Amino acid sequence: MHRSLTTLACLLLFSHVAGAENAIADDDFALPREQVEAGWIRLFDGHTLFGWKANNDPADGGVDWRVEEGTIVAERGKPGLLVTTVPFADYELSCDYRLVEGGNSGIFLRTTFEPIDASRDCYELNMCDAHPKFPTGSLVGRKAVAEKLDGEGEWKTYHVRCSGPRITVRLDGREILDFIDRSENARASGYIGLQKNVGRIEFKNVRLRPLGTKPLFDGKTLEGWRVVPGSKSRFTAVDGTIHVADGPGFLETAGQYGDFVLQFDARTNGRYLNSGVFFRAMKGTQQAPSHGYEVQIHNGYRDADPTQPMDFGTGAIFRRQKARRVVSQDNEWFTVTLIAHGPRFATWVNGYQQCDWLDERPPSENPREGLRLAPGHISLQGHDPTTDLAFRNLRLFEWPRMEETR
């Protein structure tokens, strides 16, 4: 006999609830809620090198990057970097490291993929107590620390703030460097690279918070937004949120954005509700309301297994790359981060990276059909008559364009 739709819905609901605790509790590397709400993301998930790429090949004598017990480790191979697949511009970065005594390593800020000259291609935050000119805490080729520091043999924590031309560095909570780059070689953005140079190096707790984002929603009115013609959804500004009910329908920005960091909080007010945030979208019309890329919102998963998302899962690039793991829950606020940079797209939900997708399709004005690099609208979706969700804290940073980071 066929089960009724009601029975199937109950079974699915039980499956989701039974696994809901595991969605968060089995991950020892989850960010604290206050960091999530402040916009922090994990660049290292504690288990894999997802979101990173080595700039030399261990098969050709390059670095032997690997993960051991929640730590990124390297100790053999000719010098090289492990580099984020997406670049960053203004940010705070926190990273724990342990360098063998007598070793040499570094964290590369706003770097090209293969930097050659530290005074032009990056900001190299050094780890090498015995370096004759730029010892631990210095920016190689840029500025040396005022006093010699001990940074080898035990776990240390760097906290870096890059804001425009100013870079400040703290080591174990103490400010050790304050540098304003007024040179012709100042860099506005680039990748983050972890270096293995000489000796064993370990990194963990690699976290970042984008800076410089500006509000897309003032919390009071829908000024700067428009309802796409033909929408059945109701969009209202209430209690500092954009509330979306019913559907289908779309609310899109008046402005258009190409390369950017977008962060927002969302809450689905019911089980298995479906929505999304579209970007680089063509202007919506009644006939074609949503021709754009989509960050999916759907917190369901199968068989009590959060690594088996329903309908691609929250944080997915819908129909392109599914979410790695459902870490958000219905009826609770969650935070999404999206980086769109050229053909590369990366997403995080509650600080956990979900997607790292490169659009290698032929170019098209319509992102449903091919690669779109041109700026487009950001659009909030009301999916269907069951829609009931809210958005808040929508904020965006537009990218300074740099050829070497594309």
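Every number in this text was worked out from the coordinates using simple rules, so none of it is lab data. Note that the structure is predicted; figures quoted are calculated from it, not measured. A quick note on method: Cβ atoms are made from the backbone with ideal geometry, for glycine too, and the neighbour counts reach across all protein chains shown.
Write down the radius of gyration of the range 207-316 and its Dmax, each obtained from C-alpha positions, in Å.
15.1, 43
Be a star and scan the range 197-223 for residues whose amide nitrogen sits under 13 Å from the point 7 Å along the Cα-to-Cβ vector of E34.
none
Check cross-link reach from K220 to the lysines: straight Cα distance under 29 Å, and skip same-chain residues fewer than eight apart.
Counting by Cα, and skipping residues close in sequence, K220 has these lysines nearby: K232, K283.
What is the calculated FRET efficiency for K133 to R200, with r their C-beta to C-beta distance and R₀ = 25 Å, to the nearest 0.05? All intermediate terms of the calculation are to be shown ahead of the outcome.
Values: r = 24 Å, r/R0 = 0.95.
Approximately 0.60, to the nearest 0.05.
Please compute the length gained on full extension between A288 and S183, using 0.36 nm multiplied by the number of residues separating them and subtracting their Cα-Cα distance.
Numbers: separation 105, 0.36 × 105 = 37.80 nm, distance 4.81 nm.
Using 0.36 nm per residue and subtracting the Cα-Cα distance, I get 33.0 nm.
Roughly how tilted is helix 5-20, in degrees to the nearest 10 and between 0 and 90, from the longest Cα axis of the chain?
With both axes taken from Cα atoms, the answer is about 20 degrees.
With the chain treated as a Gaussian network of Cα nodes joined by springs under 10 Å, which of R302, R344, R42 yields the largest mean-square fluctuation?
Of R302, R344, R42, the most mobile in the Gaussian network model is R302.
Based on the Cβ-Cβ distance from E369 to V227, what FRET efficiency comes out when R0 is 22 Å, to the nearest 0.05? Let's see the in-between values first.
On the way: r = 25 Å, r/R0 = 1.13.
The calculated FRET efficiency here is 0.30.
What's the lysine pair count for the range 33-210 at a Cα cut-off below 23 Å, pairs eight or more apart or interchain?
Number of lysine pairs found: 17.
Given labels modelled 7 Å from the Cα in the Cβ direction, how far is it in nm from K78 to D150?
Result for the modelled spin labels: 3.6 nm.
Run the numbers for D172 and E68: contour at 0.36 nm per residue of separation, minus the present Cα-Cα distance, in nm. Could the numbers behind the result be given before it?
Working: separation 104, 0.36 × 104 = 37.44 nm, distance 2.33 nm.
Contour length minus Cα-Cα distance gives 35.1 nm.
Given a Förster radius of 30 Å and the C-beta distance between E398 and A304 as r, what FRET efficiency does 1/(1 + (r/R0)^6) yield to the nearest 0.05?
0.15
At 0.36 nm per residue, and after removing the present C-alpha to C-alpha distance, how many nm does the segment from T386 to A237 gain when stretched out fully? Please list the in-between numbers first.
Numbers: separation 149, 0.36 × 149 = 53.64 nm, distance 1.90 nm.
Separation in residues times 0.36 nm, less the Cα-Cα distance, equals 51.7 nm.
Would you mind computing Rg(Cα) / (2.2 N^0.38 Å) for the chain, counting N as its residues? Write out the running numbers ahead of the final one.
Details: Rg = 22.5 Å, N = 406, 2.2 N^0.38 = 21.6 Å.
Ratio of Cα Rg to 2.2 N^0.38 Å: 1.04.
With +1 on each Lys and Arg Cβ and -1 on each Asp and Glu Cβ, how big is the dipole of the chain about its Cα centre, in debye rounded to the nearest 20? Walk me through the numbers before you get to the answer.
Values: 49 positive and 55 negative charges, 183 e Å.
Dipole of the chain, to the nearest 20 debye: 880 debye.
Using a cut-off of 12 Å between beta-carbons, work out the net charge of the residues near V140 (Lys and Arg +1, Asp and Glu -1, V140 not included). Could you put the intermediate results ahead of the total?
On the way: positive: R120, K133, R142, K143; negative: D117, D121, E124.
Overall, the nearby charge balance is +1.
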